[in-house]
Amino acid sequence: MVLEKNTAYKAALKLSWIESIASNEIVAKEFIKIGFTNVRVTGSGQNREASGTWTGATQEVNTIPKQVTNIRKI
């Protein structure tokens, strides 16, 4: 799958035990760092869901961190 610029996506997150301590706000900031805007993270613990708009250049999904799974357009 290729992430398309200015397209909204939703993804499942599978965090490690130590990462699961982070707040949704901190997790959202990580998504912003890799090229998303309008990021929303819900859930708690190791399993969460995130949505946002990809604003980076067209990019292969395999460059996204391994904690991000099941990426789909919304």
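Sites listed here are chymotrypsin sites (Phe, Trp or Tyr not before Pro) in the stretch 1-71 whose DSSP assignment is loop and whose Cβ has at most 15 other Cβ atoms within 10 Å: TRP17.
Inverting the pair-averaged 1/r between distinct Cα atoms of the stretch 20-60 gives 10.6 Å as its Kirkwood hydrodynamic radius. Accessible surface for the chain, divided over its residues, is 62 Å² per residue with a 1.4 Å probe. Entry note, the chain: relative contact order of 50 percent, from Cα contacts under 8 Å with a spacing of 6+ residues. Dipole check for the chain: with +1 at the C-beta of Lys and Arg, -1 at the C-beta of Asp and Glu, and the Cα centre as origin, the magnitude is about 120 Debye. Per residue, the convex hull spanned by the Cα atoms of the chain amounts to 73 cubic angstrom. Coupling constants for the stretch 47-55 follow from the phi torsions by the Karplus curve (6.51 cos²θ - 1.76 cosθ + 1.60, θ = phi - 60°), and in residue order they are 10, 9, 10, 10, 9, x, 9, 6, 10 Hz; glycine and proline get x.
Considering helices alone, the calculated mean residue ellipticity of the chain at 222 nm is -4500 deg cm²/dmol, with DSSP H runs of length four and up weighted by -39500 (n - 2.57) and normalised per residue.
The values are calculated or read from the model by the stated rules, or taken from the named source; none is laboratory data. Because the structure is a prediction, the values reported are computed rather than measured. Ideal geometry is used to build each Cβ from the backbone, glycine not excepted, and the neighbour counts take in all protein chains shown. In case anyone asks, the SASA skips ligands and DNA or RNA and just uses the protein heavy atoms, side chains included. Shrake-Rupley method; radii C 1.70, N 1.55, O 1.52, S 1.80 Å.
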